[in-house]
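To start, the structure under review is shown below, and the notes come after it.
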Amino acid sequence: MDKEKIKETALYDVHLKSGAKIIEFAGYMMPISYRGIIAEHLKVRSSVGIFDVSHMGEIEFKGENALEMVQRITINDASRLKEYQAQYSAMCYRDGGIVDDLLVYRFPNKYLMVVNASNREKGYKWIIENKMDGVEIDDVSDSITLIAVQGPNSIKTLQKLTEINLEKIKYYHFAESFLAGSNVVISRTGYTGEIGFEIFVSIEDSEYIWDKVMEAGKEFDIEPIGLGARDSLRLEKKYCLYGNDITEKTNPLEAGLGWITKFEKGDFIGRDVLIKIKREGIKRKLIGYAVVEKAFPRKGYKLFKNGEFIGETTSGIFSPSIQKGIGMGYVKKEFSEVGCSFDVIIRGKNVKAEVVKTPFI
């Protein structure tokens, strides 16, 4: 990554003042942790935490054929979306490989696609390459700060700042409203598995909203949370991370994303290849596993069964919630059943592991 191209979010100075450990991630200088990954992880599981996730990309689709184009380039069925509803989806290449996983939001006058930071340029290029007539496409990422507030006390924290009844916003729904007097979009979504919201706010109001949320959450000991805990939180719920668990070399069916692959909606990019894969059967499968001994896996660690190579770890951590080493990885389908045991090679040592039911918590 060219150092001149590395960006800072609008909240960069806030992170520095909070004592964050900063790293380069997906082209941005981002907080990896503040107090410590395990402590931050447990704070979100037990109370509430606030994240800067404005490295994510936002792309708007407007015009008479906006829905048709979203349908064409994504694998889920966006026609099922009602106004102010969101949907988890993905884009695929023509060979079925995954361009990106993403969220699609339906507004009254547009569709908004939230893409991964690492795929923003690649995804936008793919979208433009497949642009249809009658559609206006606009990358509005640089005008938006995205703040996530996650945890059991997230509703109580944010309710102090808005008149809208947050309890009535259903999972994967959102609202245009005011938060502490600022225009925002409040979405009941997140990447932690906890009750929580993602708040779209203007760049200009970023620090103001961050400070107001921190103030509102003070009684619940709210803390800023870094990317380290965000990763461990999502892994415990077996949420895929692009670049690890899904890539252009994996397809949605083997990644366990068949539930968002809606063949019946009609044509979309990659559909024919994915139908063929489904008919012939997948050869490997993304599984979750737990390490039996006191050790934890990392991305790239090899998996063996009776000396036979059967797969590779795509994500791995020590789970703060269940106090075990857990991982995700692709294994040959015949070794993907819950209860199947195998060895994971950790620092040159064969360590026993077992396929477990997911999510892990």
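The values are calculated or read from the model by the stated rules, or taken from the named source; none is laboratory data. Predicted model, so just to flag it, every value in this text is computed and none were measured. With ideal geometry, Cβ positions are generated from the backbone for all residues, glycine too; neighbour counts draw on all protein chains shown.
Observations on the structure shown:
- Among the residues examined, VAL44 qualifies as farther than 26 Å from TYR93 by Cα and in contact (Cβ under 8 Å) with a residue 40 or more places away in the chain.
- For region 166-199, the tally of residues that are surrounded by 22 or more Cβ atoms within 10 Å (Cβ to Cβ) and within 16 Å of the chain's Cα centre (by Cα) stands at 7.
Each row is one residue, and each column tells you yes or no for (1) surrounded by 17 or more Cβ atoms within 10 Å (Cβ to Cβ); (2) touching a strand residue (DSSP E or B) at 6+ places or on another chain (Cβ under 7 Å).
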{"position": "LEU286", "(1), (2)": "yes, yes"}
{"position": "ARG298", "(1), (2)": "no, yes"}
{"position": "LEU303", "(1), (2)": "yes, yes"}
{"position": "GLU308", "(1), (2)": "no, no"}
{"position": "ILE317", "(1), (2)": "yes, yes"}
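- Some residue of region 323-336 being among the β-branched types (Val, Ile, Thr) and farther than 19 Å from LEU241 by Cα: no
- Residue within region 261-275 that is buried (at least 17 other Cβ atoms within 10 Å of the Cβ), in contact with a strand residue (DSSP E or B) (Cβ under 7 Å, 6 or more places away or on another chain), in a strand (DSSP E or B) and not hydroxyl-bearing (Ser, Thr, Tyr) present: no
- Any pair with Cβ under 7 angstrom, 6 or more apart, that starts in region 336-359 at a residue that is on the phi > 0 side of the Ramachandran plot and ends at one that is surrounded by 13 or more Cβ atoms within 10 Å (Cβ to Cβ) and assigned to a strand (DSSP E or B): GLY339/GLU354; GLY339/VAL355
- Selection count where residues are in contact (Cβ under 8 Å) with a residue 60 or more places away in the chain and farther than 24 Å from THR250 by Cα, scope region 319-335: 4
- Filter result for ASP100 (modelled with pLDDT of 95 or more, charged (D, E, K, R) and under 19 Å from the mean Cα position of the chain (by Cα)): yes
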